[in-house]
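Engineer: Mind having a look at this structure? Questions to follow.
The values are calculated or read from the model by the stated rules, or taken from the named source; none is laboratory data. Since the model is a prediction, treat every value here as computed from it, not as a measurement. Heads up, the Cβs are rebuilt from the backbone with ideal geometry, glycines too, and the neighbour counts pull from every protein chain shown. Ligands, DNA and RNA are stripped out before the accessible areas are found, and what is left, the full protein with its side chains, is counted by its heavy atoms. Shrake-Rupley method; radii C 1.70, N 1.55, O 1.52, S 1.80 Å.
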Amino acid sequence: MAAAPSSDTDSGRGESKEASSKWLDAHYDPMANIHTFSSCLALADLHGDGEYKLVVGDLGPSGQQSCLKVLQGPKVLTESPLPALPAAAATFLMDQHEPRTPALALASGPCVYVYKNLRPYFKFSLPHLPLNPLEQDLWNQAKEDRIDPLTLKEMLEGIREKAEVPLSVQSLRFLQLELSEMEAFVNQHKAKTLKRQTVITTMTTLKKNLADEDAVSCLVLGTENKELLVLDPEAFTVLAKMSLPSVPVFLEVSGQFDVEFRLAAACRNGNICILRRDSKGPKYCIELSAQPVGLVRVHKVLVVGSTQDSLHGFTHKGKKLWTVQMPAAILTMNLMEQRARGLQAVMAGLANGEVRIYRDKTLLDVIRTPDAVTSLCFGRYGREDNTLIATTRGGGLMIKILKRTAVFADGGGEVGPPPAQATKLNVPRKTRLYVDQTLREREAGIGPGPGPHLQAHTAPAEHLDSPPHPGAAGLLPVRGGALRPAPGLLQGPLVGARAQLPPGDLCGESQ
């Protein structure tokens, strides 16, 4: 009989906790089998019917092929295999034609696959890079059977260690094979044309000439070759090419390509490079003390997450604004934008199973999840404007809807005083010399007359009341408030008045 009140109490606590939360639990499937990152998630109205769908570039569990999934609600609508691991997914408008349905771009390997109405539309491949002449000569000899596979491997290893031009993917794969597999690989690939092609590491979109939400956008690609490419949305030609000192892994853009734009790229060397229009290289460079794990632009502030479990805010010129320490490692980051209230904030998924929402360095809310979150996405899903979609480390899918009455107040995620209030300040002790000096100043300031500090300021005024020179006596009325000299001082010409005085006596001058 005692167990019933306990269960009633637990259910009451759960209901009160759900009522105090700003989110509604719409769906949670721990066995959804979705393994992806935030860069491979996108929300868009792919058919123009007002029903927003979720696009997922699924990496696939170990041993399975990666694929492109489109979800409607909690169910998978379509699923298409991919030839390589996905790097990023984005939706954009290619033209002004009606109906205004966005296209889907998925970066995978050296290619960008473009879909319209969930059907393959175009495939863009990165331009080929120049080959190493020694590598090309070796494969030509292998094609004519003038070199055996073992010698080919030894020569390619020597080229990889010393040559400035990297090897092609075909040669790198050949070096990873066992001795028994080399001959079959050479017979299979020796007739093919040798190519060296880089791969895409990150991708985002940039407005072409208008800042409207439904304006035409360009694709911006970051490559393993330390370059940034801006593609034309219709012809898919390279409009601009920029070089970086390291490989870009995260991109954030603002502005329009035809007017003015700024591009921030977080690189593998721990730096954030800022580029502007018509610049072939970085204009500013922000050096971080640790590797970046995420990059989000909130209004005019760049928010960077680092491997030191902290968030940093920077301006576009590299000035550091603030730093917030996290209770656990940051696994993923993304932007949360509530357009009805004009709110922009940063969502950070932590390794301890929390999703923290920050506006600048102010904590707005904390969402606790049953598993660590590896990807986040916020926006319109289905017909709900403010939906949070998260995938977990175990492959689960979580969908939460923001309540229409939810208001994010500053400090709403923490209860009680801030942690900095409990930090004890290191105040130095008062020395005996300081105490004695304080007593002397107090005694000198107490008494019927002015203290020494007041006497020092009144001493010059007393000397003016009894001037030692006749010339100064003529200026006494001026000190008293008159604007004219003493009678008889300037009678006649000024030169004559100077002649009547002894040298050095005019205006109290000393010899």
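Engineer: Being modelled with pLDDT of 90 or more, outside any loop (DSSP other than H, G, I, E, B), within 28 Å of residue 97 (Cα to Cα) and β-branched (Val, Ile, Thr) narrows it down to one of 296, 230, so name that one.
Structural biologist: 230
Engineer: Across the range 369-393, what is the number of residues that are of a type in the set (Asp, Glu) and part of a loop (DSSP other than H, G, I, E, B)?
Structural biologist: 1
Engineer: Do we have any residue at all in the range 380-388 that's at pLDDT 80 or above and among the hydroxyl-bearing types (Ser, Thr, Tyr)?
Structural biologist: yes
Engineer: Give me a count of the residues in the range 246-285 that are free of Cβ contacts under 8 Å to residues at least 40 places away in the same chain and part of a loop (DSSP other than H, G, I, E, B).
Structural biologist: Summing the residues that are free of Cβ contacts under 8 Å to residues at least 40 places away in the same chain and part of a loop (DSSP other than H, G, I, E, B) in the range 246-285 gives 11.
Engineer: Now, a different point. From the residues in the range 21-66 that are more than 31 Å from the chain's Cα centre (by Cα) and open to solvent by 70 Å² or more (accessible area, probe 1.4 Å), which one is modelled with the lowest pLDDT?
Structural biologist: Taking the candidates together, the pick is 63.
Engineer: Being small (Gly, Ala, Ser), in contact with a Leu (Cβ under 9 Å, 6 or more places away or on another chain) and in the same structural domain as residue 50 (by the TED database) is true for just one of 103, 84. Which residue is that?
Structural biologist: Among 103, 84, only 103 is small (Gly, Ala, Ser), in contact with a Leu (Cβ under 9 Å, 6 or more places away or on another chain) and in the same structural domain as residue 50 (by the TED database).
Engineer: Count, please, the residues in the range 47-65 that happen to be touching a His at 6+ places or on another chain (Cβ under 7 Å) and charged (D, E, K, R).
Structural biologist: Here the count works out to 1.
Engineer: Of these, 287, 252, which one is among the acidic types (Asp, Glu), closer than 27 Å to residue 321 by Cα and open to solvent by 50 Å² or more (accessible area, probe 1.4 Å)?
Structural biologist: Within the list 287, 252, the selection yields 287.
Engineer: Quick one: is residue 107 under 21 Å from residue 35 (Cα atoms) and in a loop (DSSP other than H, G, I, E, B)?
Structural biologist: no
Engineer: I would also like to ask the following. If residue 294 meets every condition in (1) surrounded by fewer than 14 Cβ atoms within 10 Å (Cβ to Cβ); (2) within 11 Å of the chain's Cα centre (by Cα); (3) small (Gly, Ala, Ser) apart from one, which number is that one?
Structural biologist: The number of the failed condition is (1).
Engineer: Here is a further query. Select from the range 325-338 the residues that are surrounded by fewer than 19 Cβ atoms within 10 Å (Cβ to Cβ) and without any contact (Cβ under 8 Å) to a residue 40 or more places away in the chain and list them in ascending order.
Structural biologist: 325, 327, 328, 329
Engineer: Counting only residues that are without any contact (Cβ under 8 Å) to a residue 40 or more places away in the chain and either of a type in the set (A, V, I, L, M, F, W, C) or in contact with a His (Cβ under 9 Å, 6 or more places away or on another chain) (or both), which one in the range 301-324 is surrounded by the fewest Cβ atoms within 10 Å (Cβ to Cβ)?
Structural biologist: 320
A quick yes/no check of all residues on (1) in contact with a strand residue (DSSP E or B) (Cβ under 7 Å, 6 or more places away or on another chain); (2) in a helix (DSSP H, G or I); (3) modelled with pLDDT of 85 or more; (4) within 30 Å of residue 239 (Cβ to Cβ):
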residue: 122; (1), (2), (3), (4): yes, no, yes, yes
residue: 127; (1), (2), (3), (4): no, no, yes, yes
residue: 131; (1), (2), (3), (4): yes, no, yes, yes
residue: 136; (1), (2), (3), (4): no, yes, yes, no
residue: 142; (1), (2), (3), (4): no, yes, yes, no
residue: 152; (1), (2), (3), (4): no, yes, yes, no
residue: 156; (1), (2), (3), (4): no, yes, yes, no
residue: 165; (1), (2), (3), (4): no, no, no, yes
residue: 173; (1), (2), (3), (4): no, yes, yes, no
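Residues are listed down the side, and each one gets a yes or a no for (1) in a strand (DSSP E or B); (2) farther than 30 Å from residue 285 by Cβ; (3) of a type in the set (S, T, N, Q):
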site	(1), (2), (3)
344	yes, no, yes
367	yes, yes, no
395	no, yes, no
407	no, yes, no
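Engineer: Now, a different point. For the range 156-181, give me each residue that is of a type outside the set (Ser, Thr, Tyr) and loosely packed, with under 12 Cβ neighbours inside 10 Å.
Structural biologist: Within the range 156-181, 158, 161, 162, 164, 176, 178, 179 meet the criteria.
Engineer: Evaluate the range 252-259: report whether one residue or more is over 21 Å from residue 124 (Cβ atoms), hydrophobic (A, V, I, L, M, F, W, C) and assigned by the TED database to the domain that holds residue 305.
Structural biologist: yes
Engineer: Output the strands (runs of 3 or more DSSP E) that fall wholly within the range 21-85 and possess 3 or more residues being out of contact with any helix residue (DSSP H, G or I) (no Cβ under 9 Å at 6 or more places or on another chain), or say none.
Structural biologist: 23-29, 41-44, 67-72, 75-81
Engineer: Please count how many residues of the range 201-243 are of a type outside the set (S, T, N, Q), within 21 Å of the chain's Cα centre (by Cα), within 28 Å of residue 268 (Cβ to Cβ) and open to solvent by 30 Å² or more (accessible area, probe 1.4 Å).
Structural biologist: The number of residues fulfilling the criteria is 4.
Engineer: Next question, about the same structure. Please state which one of 471, 416, 445 is at positive phi and either at pLDDT 55 or above or outside the structural domain of residue 337 (by the TED database) (or both).
Structural biologist: Every option except 416 fails the conditions.
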